[in-house]
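Asks: This is the structure I want to talk about, given as structure tokens.
Values in this text are rule-based calculations from the coordinates and carry no lab data. Predicted model only: the values in this text are computed from it and were never measured. Reconstructed Cβ throughout: ideal geometry from the backbone, glycine too, with neighbour counts over all protein chains shown.
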Amino acid sequence: MLGTKAQLIKMAPVMRLFRRRNIPYNFIATGQHKETMTGLLKDFNLPQPDITLYSGPDITSPLRMFAWAARILFRSLTSRKQIFGNDHNGIVLVHGDTLSTVLGALIGRLAGLKVGHVESGLRSFRMFHPFPEELTRRITFRLSHILFCPGEWAVKNVSHMKKTIIDTGCNTMIEIAALSKDLSARTDHVPKGIFCLASIHRFENIFNQSTFRELIAHLEQIANSTPLVFILHPPTEQQLHRYKLYTRLEDNPRIELRPRYSYLDFAALLRKAEFVVTDGGSLQEESSYLGIPCLLMRKATERQEGLGGNVCLSRLDSRTIRNFIENYSEHRCPALSCDIAPSEAIADEVDTYR
């Protein structure tokens, strides 16, 4: 059961492997990012969802999110047989740390099925950084029966829990990073010269006006020395307009404001970036696999990938940010590889529930 674009990207290797190994499954979409999932399904040659719990526009505001959550929970509780049939021996897989994750785990529990949490065991140990992800992870740990953890550190974080814990070795994102190189993508949108790739979209960053204004000022500072391509998520663009910052950025000849791309087009852009500025965990991971310098605009992170290497955790400290901008090349690292296929460990366990 998946709801967001990032979840579908990271579960694509698992779904593709299920098909190759003839493991039957139903793809249930919560509809949290329904509009942006369509291109991904085509990119990775995946089927359309078997069941979609919500068919409206993408959820881009807190108020709309609560209404959406109540709607899909009500539908799931009243349509259990339609969604899951009469099978009480199956397993519901959920991924990550979004509201779709918690709802999927809760719905699976209420349906009397086993729940498996992919990308489990990640912790920042700070309840409000990131928010609400640290909270949703802790709830999902407790609702799940099987925890698929991407490495020893994640395993250790949940080792005290009476759950089935499976170490997948690393994150499925590393499989996607490798796969994206083999899939065709256009390159006409990639700047010819050097550029910084920026993406800021986290709730605690864009809905706090003072924090958001500081982050935008840092991006403008970066643009003074390196041309900047700023990928705008819909909530980010809304907040830029709300705080009257959009026109200022649009008028800056060193900054390009661009809409979100399909995953493959974005991956092509990422591979050519001189360095990355982001507050996203998935982009932190992917930049670490590619060895691209990454400035992480967060106070804390639940992910270990790249820390102490290509990734600089800013903690939103101006001096740390300035030091990275001036010395980002020191964070460039060789591209990483993982000999283990995380999706194989997940498929092996799921195969026992046929």
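Asks: Could you compute the FRET efficiency for Leu73 and Asp188, with r as their C-beta to C-beta distance and R0 at 51 Å, rounded to 0.05? Show your work: numbers first, answer last.
Replies: Working: r = 43 Å, r/R0 = 0.85.
For R0 = 51 Å, the calculated efficiency reads 0.75.
Asks: Turning to a different aspect of this structure: Just rank Thr4, Thr101, Thr301, Thr38, fewest to most, by other beta-carbon atoms within 10 angstrom. Please list the in-between numbers first.
Replies: Values: Thr4 24, Thr101 29, Thr301 21, Thr38 11.
The most exposed by this proxy come first: Thr38, Thr301, Thr4, Thr101.
Asks: Along the Cα→Cβ direction, 7 angstrom out, place labels at Gln238 and Leu307. What is the inter-label distance in nm?
Replies: If labels sit at Gln238 and Leu307, their model points lie 3.1 nm apart.
Asks: While we're looking at this one, here's another question. Rounded to the nearest 500, what is the 222 nm mean residue ellipticity of the chain from helices alone, with -39500 (n - 2.57) per DSSP H run of 4+ residues and division by all residues?
Replies: The helix contribution divided over the chain gives -13500 deg cm²/dmol.
Asks: Between Glu326 and Arg213, take the C-beta separation as r, use R0 = 25 Å, and let me know the FRET efficiency to the nearest 0.05.
Replies: Numbers: r = 22 Å, r/R0 = 0.89.
Efficiency, from the Cβ-Cβ distance: 0.65.
Asks: Over region 130-276, what is the relative contact order in percent, taking alpha-carbon pairs closer than 8 angstrom and at least six residues apart?
Replies: Numbers: 155 pairs, mean separation 35.8, N = 147.
24 percent.
Asks: If you take percent of Cα pairs over 40 Å apart from the coordinates, which of [x] 10; [y] 24; [z] 45 do you get?
Replies: [x]
Asks: In degrees from 0 to 90, rounded to the nearest 10, what is the angle of the helix 318-327 Cα long axis to the longest principal axis of the chain?
Replies: Long axis of 318-327 versus the principal axis of the chain: about 80 degrees.
Asks: If packing is taken as the average number of other Cβ atoms within 10 Å across a peptide's residues, how do 250-260, 65-75 rank, most packed first?
Replies: Most protected by this proxy first, the peptides run 65-75, 250-260.
Asks: Using the count of nearby Cβ atoms within 10 Å as a rough guide to exposure, how do Tyr328, Tyr246 rank from fewest to most?
Replies: Working: Tyr328 23, Tyr246 18.
Sorted ascending by nearby Cβ count, the order is Tyr246, Tyr328.
Asks: Taking 25 Å as the cut-off for C-alpha to C-alpha distance, list the pairs among Lys114/Lys162; Lys42/Lys181; Lys42/Lys299; Lys10/Lys42; Lys5/Lys81; Lys10/Lys114 that go past it.
Replies: From Lys114/Lys162; Lys42/Lys181; Lys42/Lys299; Lys10/Lys42; Lys5/Lys81; Lys10/Lys114, over 25 Å: Lys42/Lys299; Lys5/Lys81.
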